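Here the structure comes first, spelled out in C-alpha cells, and everything after it is commentary.
The values are calculated or read from the model by the stated rules, or taken from the named source; none is laboratory data. None of the values given here were measured: they were computed from a predicted structure. All Cβ positions, glycine included, derive from the backbone under ideal geometry; neighbour counts span all protein chains shown.
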Amino acid sequence: MKGRVLVIDDEDDFRLSMVQALDLAGFEVEDHADAQAALSLLNYGFKGIVVTDIRMPNLDGLTLMDRVAEIDPEIPVILVTGHGDVQLAVRAMRQGAHDFLEKPFRTGQLTEIASRAMDFRRLLLENRVLRAAAGQVDDLEHRLVGRTNGMIDLRRRMRTIGPTEADVLIVGETGVGKEVVARALHDLSPRATRPFIAIDCAALPTTLIESELFGHDAGAFAGAMRERYGKLEHAQGGTILLDEIGSLPIEVQGKFLRAVEQRVITRLGSHEERPLDVRFIATSRHSLENEVAAGRFRADLLYRLNVVTLNVPPLSERRDDIPLLFSKLLQEAAGRYRCAAPAMSQRQIADINARPWPGNVRELRNAADRVALGVALQPGIDDGDQPMRLADQVAGFERNVIASALLAHDGRLKPVYESLGLSRKSLYEKMQKYGIDKTQYGSSADDIED
C-alpha cells in the first residue's frame, strides 16, 4: 500500500469516483460524507493525507483544514474545488493547504498529487522518529508540553500504558487536558487507525441515554422507526472516551458495567448480544472513590474502569511550565487566526506566570487567543515599569472593548455597533484608528451583510 488517504466529500458519486481511482493506484482509502466524523480518525502521527471538497454543509473544507492544522499542521490537505472557488483555493494554499484540484479533473492528476503529498508526509514522519531517537522533542512532548516532574512522569507512564489494551481512568481538574491525554493514549495504541469516539456523559439526554449509548431496534419505543447504532458500536475496533463518567446516571451504570466487563451490548428492544471490540478510557474531575462513598457511582464499575489511573497535574502544581505552554498556545492561536504571533515583554510573561489560572490549560488557551487577537495584555509593547498615560489607557480600553464585541459577534458589525451604542460610521473610524481587521474575528472581508 502506498499510504492512507482520507477522502471527504458530501457528493456520493464524486466521492466514490475519487475512492476508486485512489484504490486502483494502491492507496488505502477511507471516505466520509461528513467532515466532522472524519476528524476523529486524525492524530498527530497520522500516517496519511486528507483530500476534501471545499463546499460542504456543516463543516466546510477550509474550516476542516484549520481543524486538521490544530491536530497536526503538517498533515497534507488537498482541496477539491469547483471553477468558481479557484481563487479561494489559491488563498487557502497560502494559508497552509498542500495543493488543490479543480473539478473536473483527470484521475491521473488526483493520484499524482496524492503520491507527492504522501511522499512528503512519509519523509516528515521519518524525520520526527529520527529526531526523537536523537533525544529531541517527540510527538507526546509536542502535545503535552512541560518539563516539570509531574509532566515528565505522566508522559513516561503514557508511553508504557498506551500500547496496551488496559482500560484507563484519567483524573484531573477542569481544563487540564484530560481529553488530550486520552487521544494520545489512543494514538499510541494498536487501535490508532480505528475510530476514537468521545462521549460526553454529562451532555447525554436523560430520556434517550440508553438509546444513545447502546442503540435500538425498530419499534423499541415510540418514534423508533428503524434500527440505530449506538455510540458504543460506532467505535468498533477503536477507543471510547467516557468524558466525565461520574455524570452517568446510576440506573444506567449497571447495563454499562456489563459492556465494560463482558465487551457485549444489547440494543434497546432486542435480546441479541452484540460483541464489542473497544478500549475504554474514562475521565473525571472528581474523586470517583468519593462518588462511590456517596452512593452516586457503582464501586464495581469503578474497579473495572481504573485498571490504570493517570493523574493530570493542574497548572498550580507546575507553574514553571506556564511560560513554555503559553508560548506554544500563542503560536497555535496565531496560526488559527492567520496573524503574526505578537512579541511578549518580560513584564507580560511575568504577569502570565503569576496568575492563578483556575481553568488550567483551557483558560490559558483562551488568554493566548485574546493576546493573538490583540484583545488583552497589549502584546508587543514593553513599557517596563513606567505608568501608562491616561490617554493610552483609555485608547487601550476602547480597543479591547471593540475587539471583544467583534469576537462575541463573529466579526459582524451591525450587532457590534448596536450593542456599543455607536453609529456605523463611528465604529468604522475607531476600527481604522486602532488597526482592527474584522476578518480576524470570524467575518470574511467579502461579506456584504454585516
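Restricting segment 165-174 to residues that are out of contact with any Leu (no Cβ under 8 Å at 6 or more places or on another chain) and of a type outside the set (Asp, Glu) leaves a set whose member that is farthest from residue 140 (Cα to Cα) is 174. The residues of segment 1-46 that are touching a Pro at 6+ places or on another chain (Cβ under 8 Å) and not hydrophobic (A, V, I, L, M, F, W, C), listed by number, are 10, 40. Within segment 248-273, the residues that satisfy the criterion of being closer than 22 Å to residue 285 by Cα and either surrounded by fewer than 17 Cβ atoms within 10 Å (Cβ to Cβ) or aliphatic (A, V, I, L, M) (or both) are 248, 249, 250, 251, 252, 254, 257, 260.
Taking the criterion of being surrounded by 14 or more Cβ atoms within 10 Å (Cβ to Cβ) and at pLDDT 75 or above, the residues of segment 126-141 that qualify are 140, 141. Number of residues in segment 281-309 that are surrounded by 20 or more Cβ atoms within 10 Å (Cβ to Cβ) and in contact with a helix residue (DSSP H, G or I) (Cβ under 6 Å, 6 or more places away or on another chain): the value is 8.
Can you find even one residue in segment 211-222 that is modelled with pLDDT of 90 or more, under 26 Å from residue 264 (Cα atoms) and assigned to a strand (DSSP E or B)? Looking for residues that are modelled with pLDDT of 90 or more, under 26 Å from residue 264 (Cα atoms) and assigned to a strand (DSSP E or B), one finds none in segment 211-222, hence no. Take the conditions farther than 24 Å from residue 187 by Cα, hydrophobic (A, V, I, L, M, F, W, C), surrounded by 14 or more Cβ atoms within 10 Å (Cβ to Cβ) and not assigned by TED's automatic domain parsing to the domain that holds residue 333 and apply them to residue 79. Does it pass? Considered against the rule, which asks whether it is farther than 24 Å from residue 187 by Cα, hydrophobic (A, V, I, L, M, F, W, C), surrounded by 14 or more Cβ atoms within 10 Å (Cβ to Cβ) and not assigned by TED's automatic domain parsing to the domain that holds residue 333, residue 79 comes out as yes.
Taking helices (runs of 4 or more DSSP H) as the structural unit, those lying wholly within segment 247-315 and holding at least 2 residues that are among the β-branched types (Val, Ile, Thr) and over 26 Å from residue 187 (Cα atoms) correspond to 250-262. One residue is enough: does segment 55-67 have a residue meeting the conditions in a loop (DSSP other than H, G, I, E, B), over 19 Å from residue 117 (Cβ atoms) and in contact (Cβ under 8 Å) with a residue 40 or more places away in the chain? Checked against the condition, which is being in a loop (DSSP other than H, G, I, E, B), over 19 Å from residue 117 (Cβ atoms) and in contact (Cβ under 8 Å) with a residue 40 or more places away in the chain, segment 55-67 yields at least one hit. Return yes or no: is residue 111 polar (S, T, N, Q), at pLDDT 85 or above and outside any loop (DSSP other than H, G, I, E, B)? In short, yes.
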